[in-house]
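Scroll down for the structure; my scribbles are underneath it.
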Amino acid sequence: MADMINREDILKTDALTIGKLIRTGELTSREVTSVFIDAIKAEDSKYNSYITIAEDAVEQAEKIDEKIRSGELTGPLAGVPIAVKDNICTKGMLTSCASKMLSNFIPPYDATVVKKIKEEGMVILGKTNMDEFAMGSTTETSYYGPTVNPCGENRVPGGSSGGSAASVAADLAPIALGSDTGGSIRQPASFCGVTGLKPTYGTVSRYGLVAFASSLDQIGPIGKTAIDCAALFNVICGIDERDQSSAGSSKIDLEAVSSFDVKGKKIGIPNEYMGEGIDADVKARVTEAVKFFEDEGAIVETFDMPIIEYAIPTYYIIACAEACSNLSRYDGVKYGFRPEDAENLMDLYIKSRSEGFGMEVKRRIMLGNFVLSSGYYDAYYNKALQSKALIKKAFDEAFAKYDVVIGPVAPTTALKAGESLSDPLKMYLGDICTVLINIVGLPAVSVPCGNDSEGLPVGMQIIGKHFDEQTILGFAANWQKGGRS
Ligand code: GLN
């Protein structure tokens, strides 16, 4: 290992730089991977960001080093280690969704994204902690215990991809994969002071992602920089015949992202995103970031988006309806948790689901069945679909005028541990800024933009037109250029 590059430096280095050092022969994937695995083993008891550590990671890295040496692997992220959220199937490695229900589930196949990161030559460090079945905003509903935010004592890392965001923030992974159904990449990225991209719906295959709400779920990257997220997006995007909603995507031009100029670009700020209920510090930091873009030559305008009022009910009705249908497959018969003492088939179903699922998951299954039941279907589910159409119209109108829409990722910075689960409604309200984006399938990036008075990171959300990841990541990269974070 080159003398210049010591252990601490490697842990702090971004993914693309690690890739470059490996390609130029200054480091090997084996060296980098063992530094990360050792750090995870030594440090992660503080954060609980991983559920499973990949014991064969160093061995995998050695094989990849050979392929890099022989010229078989040449991609920008070849040899770079990565953490993967535990709801993304990894062949032969526990994929628990942080649930007792899947605490014995070893998938016989890789998710498409896992296949793609392996083909790039990335090395899986392990599987990261999350809210059970990705339902939550704090990573406290995990069967494996809560994850701790590395940025603040006694603070939640956000959720549901809290383990992925915390692993990157704690320098226990240079980059990670998360999933976002209503904010689960962006909000933990914001709480942990890292960058997270929720791609356009359909650009990244959902094959092998354990389904929560299929019309909203999307896999995406969490990294130290916007350019890293762009590079990982390029690895995982593309058409997949195994995902019926796959739309594919062209690759992002990394050079264009790095040199992106915001001059003349139009930014829209919804008044409701900066209104009541948003913390003063959050508002101030996002306003300062927007002012920076304005000083760089962007044109900034505010506009009204009253439909935001319906964001939370629309999201929770659709998400729970789809979740109760998706989760009906866990019955103790085919796979997953099965109690020892079931007396007959009905008893097996009841006990498997009663004992296998946690509180929040059960709440959502009940809510979902309620809104779909005859007699209530029109009053709730159909209304939510009507509201979805109006939200889409509001964004279509906004994007006829603006290149990007900017606001906060969340109304607050990282919440105190142990304070959210007792009041689920309050927790749901914290999703106000993120859920709309999933309802209409848009891409959005969460970028750190300073701290609140207690030193906790604030996140700015940059939302783009469908398939325009390049522009939102360009804005993010432009902001990060001077080391702003
Ligand atoms: N916090 C939201 C929820 O609880 C979003 C979760 C997600 O994106 N997976 O549903």
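The values are calculated or read from the model by the stated rules, or taken from the named source; none is laboratory data. Given the structure is predicted, the values throughout are model-derived calculations rather than measurements. When we count neighbours, we look across all protein chains shown, and the Cβ atoms used for this are built from the backbone with ideal geometry, even at glycine.
Residue check: Lys127 meets all listed conditions (1) in contact with a Gly (Cβ under 7 Å, 6 or more places away or on another chain); (2) part of a strand (DSSP E or B); (3) of a type in the set (Lys, Arg) but one, namely (1).
The residues of the stretch 406-454 that are closer than 28 Å to Thr471 by Cβ, hydroxyl-bearing (Ser, Thr, Tyr) and within 13 Å of the ligand (Cβ to nearest atom), listed by number, are Thr434, Ser446.
Consider Ile37 carefully, then state whether it is at pLDDT 95 or above, out of contact with any strand residue (DSSP E or B) (no Cβ under 6 Å at 6 or more places or on another chain) and either under 12 Å from Ile124 (Cβ atoms) or among the small types (Gly, Ala, Ser) (or both).
Details: at pLDDT 95 or above: yes; out of contact with any strand residue (DSSP E or B) (no Cβ under 6 Å at 6 or more places or on another chain): yes; either under 12 Å from Ile124 (Cβ atoms) or among the small types (Gly, Ala, Ser) (or both): yes.
Here the answer is yes, as Ile37 does meet what is asked.
Tell me, please, whether a residue that is at pLDDT below 95, within 18 Å of the chain's Cα centre (by Cα) and under 18 Å from Gly162 (Cα atoms) can be found in the stretch 453-467. Checked the stretch 453-467: no residue is at pLDDT below 95, within 18 Å of the chain's Cα centre (by Cα) and under 18 Å from Gly162 (Cα atoms). Screening Ile22 with (1) buried (at least 21 other Cβ atoms within 10 Å of the Cβ); (2) under 24 Å from Glu153 (Cα atoms) gives one miss only, at (2).
Pairing each residue of the stretch 312-326 that is within 9 Å of the ligand (Cβ to nearest atom) with any residue that is part of a helix (DSSP H, G or I) and modelled with pLDDT under 95, provided the two are 6+ apart or on different chains, yields C-beta distances under 8 Å for Tyr316/Tyr428.
Of the residues making up the stretch 194-210, at least one is closer than 20 Å to Thr413 by Cα and within 13 Å of the ligand (Cβ to nearest atom).
Of the residues making up the stretch 157-180, those that are part of a loop (DSSP other than H, G, I, E, B) and either touching a Leu at 6+ places or on another chain (Cβ under 7 Å) or more than 15 Å from the ligand (Cβ to nearest atom) (or both) are Ala170, Asp171, Leu172, Ala173, Pro174.
The rows are residues; the columns are (1) touching a helix residue (DSSP H, G or I) at 6+ places or on another chain (Cβ under 9 Å); (2) in a helix (DSSP H, G or I).
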position	(1), (2)
Asn382	no, yes
Ile391	yes, yes
Phe395	yes, yes
Phe399	no, yes
Thr413	yes, no
Gly418	no, no
Leu421	yes, no
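Apart from one condition, Val84 fits all of (1) in contact with a strand residue (DSSP E or B) (Cβ under 8 Å, 6 or more places away or on another chain); (2) away from the ligand (no atom under 16 Å from the Cβ); (3) β-branched (Val, Ile, Thr); the exception is (2).
Scanning the stretch 16-38 for residues that are part of a helix (DSSP H, G or I) and touching a Leu at 6+ places or on another chain (Cβ under 6 Å) yields Gly19, Leu21, Phe36. Contact map, the stretch 126-142: first residue under 22 Å from Phe36 (Cα atoms), second residue near the ligand (Cβ under 8 Å from one of its atoms) and part of a strand (DSSP E or B), Cβ cut-off under 9 Å, separation 6 or more or different chains; pairs are Met130/Ser179. If only residues of the stretch 189-210 that are small (Gly, Ala, Ser) and part of a loop (DSSP other than H, G, I, E, B) are counted, the one that is farthest from Ser328 (Cα to Cα) is Gly193. Note on the stretch 211-234: residues that are more than 17 Å from Ile88 (Cα to Cα) and outside any loop (DSSP other than H, G, I, E, B) amount to 8.
For the stretch 282-289, indicate whether the set of residues that are touching a Ser or Thr at 6+ places or on another chain (Cβ under 8 Å), farther than 26 Å from Ser205 by Cβ and in contact (Cβ under 8 Å) with a residue 12 or more places away in the chain is non-empty. Within the stretch 282-289, one or more residues are touching a Ser or Thr at 6+ places or on another chain (Cβ under 8 Å), farther than 26 Å from Ser205 by Cβ and in contact (Cβ under 8 Å) with a residue 12 or more places away in the chain. Restricting Glu301, Glu322 to residues that are surrounded by fewer than 18 Cβ atoms within 10 Å (Cβ to Cβ) and among the acidic types (Asp, Glu) narrows the list to Glu301. Across the stretch 345-383, the number of residues qualifying as away from the ligand (no atom under 16 Å from the Cβ) and not polar (S, T, N, Q) comes to 20.
Here are some residues: Asn154, Asn149. Which one is farther than 23 Å from Ala15 by Cα and away from the ligand (no atom under 15 Å from the Cβ)? Outline the logic, then answer.
Working: Asn149 fails: farther than 23 Å from Ala15 by Cα.
Testing whether each residue is farther than 23 Å from Ala15 by Cα and away from the ligand (no atom under 15 Å from the Cβ) leaves just Asn154.
Hey, does the stretch 91-112 have a residue that's within 16 Å of the ligand (Cβ to nearest atom), of a type in the set (Val, Ile, Thr), within 21 Å of Lys198 (Cα to Cα) and within 17 Å of the chain's Cα centre (by Cα)? Among the residues of the stretch 91-112, not one is within 16 Å of the ligand (Cβ to nearest atom), of a type in the set (Val, Ile, Thr), within 21 Å of Lys198 (Cα to Cα) and within 17 Å of the chain's Cα centre (by Cα), which makes the answer no.
Just give me the residues in the stretch 314-367 being among the β-branched types (Val, Ile, Thr) and under 28 Å from the mean Cα position of the chain (by Cα), in sequence order. Outline the logic, then answer.
Of the residues in the stretch 314-367, the ones among the β-branched types (Val, Ile, Thr) are 314, 317-318, 333, 350, 361, 365.
Those that are among the β-branched types (Val, Ile, Thr) and under 28 Å from the mean Cα position of the chain (by Cα): Thr314, Ile317, Ile318, Val361, Ile365.
For the stretch 423-451, the set of residues classified as in contact (Cβ under 8 Å) with a residue 40 or more places away in the chain and in a loop (DSSP other than H, G, I, E, B) consists of Gly430, Asp431, Ile432, Cys433, Thr434, Val440, Gly441, Leu442, Pro443, listed by residue number. Residues that are out of contact with any strand residue (DSSP E or B) (no Cβ under 9 Å at 6 or more places or on another chain) and closer than 23 Å to Asp217 by Cα were ranked within the stretch 144-157; the one that is surrounded by the fewest Cβ atoms within 10 Å (Cβ to Cβ) is Pro146.
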